[in-house]
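**Q** Okay, handing you the structure first.
The values are calculated or read from the model by the stated rules, or taken from the named source; none is laboratory data. These numbers come from a predicted model, not from an experiment. Virtual Cβ from ideal backbone geometry, glycine too; neighbours counted across all protein chains shown. For the accessible areas, the whole protein counts, side chains as well, though only heavy atoms, and no ligand, DNA or RNA atoms are used. Shrake-Rupley method; radii C 1.70, N 1.55, O 1.52, S 1.80 Å.
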Amino acid sequence: MSVAFPRIRAARWIASAVLAVAALSSTAVAQAEPLWPGGPDIPGVPALPPVPAIPGLPVPPPAPVYAPCSADARFCLRLSTNEGWLMEDGKVTYGPTPISHGRPGYETPPGRFRVAFKREDHWSTMHNAPMKWAVFFNGDIATHIGPIEEQSHGCIRMTPEGAEATYNHLSPGDVVEVVE
């Protein structure tokens with residue numbers, strides 16, 4: 001047996017080890033988030049244009065939106081998902097719209113309530129703060145514009161668009177249903 005044979009085996013073993021390390025280190029790059037889930041978001045590559053409708057082929061209507069409240073509710077609030085819906089005759093007319101509600105110690109209670117009154121520009125004397133588009137439905141609890149990223153002292157905070165739509169939709173006596 002020549003001396004060259006063990007050297008060749010050692011060189012092959014080293015080459016195999018280098019390839020194995022290279023393959024293992026390249027798998028870490030392959031575990032990155034894929035580029036396609038939300039569409040082609042490759043930097044420098046424009047998004048694909050929308051696909052035009054095929055002439056003569058009817059466009060399907062959007063799927064109906066359902067709210068988890070009774071058919072007689074005019075405003076439905078689900079606290080577990082921070083969503084609200086305006087309703088008419090059991091059908092959703094607006095929403096879901098994002099909301100926030102009472103923080104621990106100031107929880108917004110679930111239940112069925114009636115709108116007591118509403119004020120376009122109310123001033124909270126309890127919290128010394130404005131309550132634009134306020135609709136009161138449970139004592140001092142109301143819907144109004146407020147930061148939906150933060151929990152409240154019991155009120156339902158809404159985006160400006162959602163609060164205005166709610167104010168315009170509801171009248172005193174209308175049913176507001178709050179579910180978990």
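**Q** Suppose each label sits 7 Å from its Cα in the direction of the beta carbon; what would the residue 103-residue 65 distance come out to in nanometres?
**A** 2.9 nm
**Q** How much space per residue, in cubic angstrom, does the convex hull of the C-alpha atoms of segment 60-162 take up?
**A** On the way: hull volume 11.6 nm³, N = 103.
For segment 60-162, the hull spanned by Cα atoms encloses 112 Å³ per residue.
**Q** Oh, and also: Mind checking the dipole of segment 56-178: about its Cα centre, +1 per Lys or Arg Cβ, -1 per Asp or Glu Cβ, Debye to the nearest 20?
**A** On the way: 10 positive and 14 negative charges, 28 e Å.
Dipole magnitude for segment 56-178 comes out near 140 debye.
**Q** How much of the accessible area of segment 47-99, in percent, comes from carbon and sulfur atoms when a 1.4 Å probe is used?
**A** Values: 2360 of 3570 Å².
Whole-percent figure for carbon plus sulfur exposure: 66.
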